[in-house]
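Quick notes on the structure that follows.
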Amino acid sequence: MRLIRRGNTWIEPTPNTCPKGHTLRPNRVTISWDGTQRTYRCATCDITWKITDMLQCPECKSEDDLRLVGDLDDGTKEIYCDACDYTWIKGEPTKQYRNANSIAEVRKRFPSTLDLSEPAKTRADHLKREFLQKRPEPDPRVAIRWAQLRELFSEAGLAAADPTEFKHFANENLGVNPGNMSVFNDAWNEDPADGARRVRQSLQYLLYPTDNSYIEDRLTRLITGGEDFGMRGFREALLTKVLCIVYPERFLPIVKYTGSQGIGSGKKEIAAAVYNLKLPAPASTNWTIGRLIFWSNDLLVELLGEGFTDLQHGSQFLWWAREQPQ
C-alpha cells in the first residue's frame, strides 16, 4: 500500500472503489475504525474492507486504477487495470459440470454472419471489390520469418529454443505489431532466466496441453493468470500473435480483441466499422477473453469470404476498410 505524505505525517489514501469495483462517492461508503486502521463499507454491495485488503495489479503494481469487469460463471471475478490495460481473474473457480456441447451452445449467442444487415453487406462487398482491384503485394519477408517461428514454436523447437529467441520475437513487428513491450521487457530484464522459463512454459501450455481442456480457456488463463502463471507482459497481444503464426490459415494477424482506453485497434472495433456489427465489450459479458478472441476472429474470417491471398492479405483489407468513410 502506498501512503500519502501530508505535512509531517503519512496517511492512508482514500479509496475510489471497493474491492468489487463499485465507485465510492458521498453516501455510498461508511468509514469506521477497528483500533488499528480505517475500515470501509460499500453501500452498493455491503462489503467491508481495509485499505490493506485492496488489490494490486500483477502487471504494473498499480492499486489506484482497478475496476471490476464482472462476475464470471465459475464464481471468480474479472479485474481490469486502466493503467496498463491488463485483465486478470481473482478468486478460486467453483467446480462446474458441463456437457460437451456447452461451449457450442453458448457460442450461438455470439454475433454471427446472420446478424449482418443488407446495407452493411452491400457496403462491405463494395469495399472488398475496390480493395482487391489494387492487389497490394504482401511483404515476402513475413512468410519466411513466420516459417522460422513455426519451427521455434513446434514442440521440439520450444524445448530446445535459445532464450534470446523469445525476447527477439516479442519485440519484432514483422507481420503484426503487438504494441508497446515495455512491461514485458522490464519483467524479462529483472530475471532473464525466469522470463525464458515462463515464456517457454506458457507456450507449451497453450499449444501442447496434457489434458483435454479447451484452447480458449487455456488462453484466458494465460492472459489473466497473474504473477503465478504465465509471463508478465506476454499476454493477449503476444499470445494471439503466436496463434497467428502457428495457425496462419485460421487466425487474422489482429492481436487485440478491443482497443485500449477506447482506441479503435481491435477486432471489436473493426467489426463495427466494416460490418456494422456490435460485438460485446468484455465488461458487459461473462464470456471469457479467450472465447471473445477466438469467436471474433472466426467471425471476421467468415465475413471476409473468398478472394484474398491469405489472412495477412485479409487483415490488410480490414485495416484499410476500417478507415473508409461511412
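On the given criteria, is Gly307 in the same structural domain as Leu127 (by TED's automatic domain parsing) and crowded, with 21+ Cβ neighbours inside 10 Å?
no
So, Arg197, is that one more than 13 Å from the chain's Cα centre (by Cα), charged (D, E, K, R) and assigned to a helix (DSSP H, G or I) or not?
Spelling it out, Arg197 is indeed more than 13 Å from the chain's Cα centre (by Cα), charged (D, E, K, R) and assigned to a helix (DSSP H, G or I).
Residues of the stretch 150-175 being in contact (Cβ under 8 Å) with a residue 12 or more places away in the chain and over 21 Å from Arg232 (Cα atoms), which ones?
Within the stretch 150-175, Arg150, Glu155, Leu174, Gly175 meet the criteria.
In the stretch 201-216, which residue that is surrounded by fewer than 17 Cβ atoms within 10 Å (Cβ to Cβ) and touching a residue at least 40 places away in the same chain (Cβ under 8 Å) is farthest from the chain's Cα centre (by Cα)?
Once the filter is applied, the top-ranked residue is Tyr208.
Would you tally the residues in the stretch 247-296 being part of a loop (DSSP other than H, G, I, E, B) and of a type in the set (Gly, Ala, Ser)?
Adding up the residues that qualify gives 5.
Give just the number: which of (1) of a type in the set (Asp, Glu); (2) modelled with pLDDT under 75; (3) closer than 25 Å to Leu279 by Cα does Asp64 not satisfy?
It is condition (3) that Asp64 fails.
Among the residues of the stretch 245-293, which ones are among the aromatic types (Phe, Trp, Tyr) and crowded, with 22+ Cβ neighbours inside 10 Å?
Within the stretch 245-293, Phe251, Tyr257, Tyr275 meet the criteria.
The values are calculated or read from the model by the stated rules, or taken from the named source; none is laboratory data. Predicted model only: the values in this text are computed from it and were never measured. When we count neighbours, we look across all protein chains shown, and the Cβ atoms used for this are built from the backbone with ideal geometry, even at glycine.
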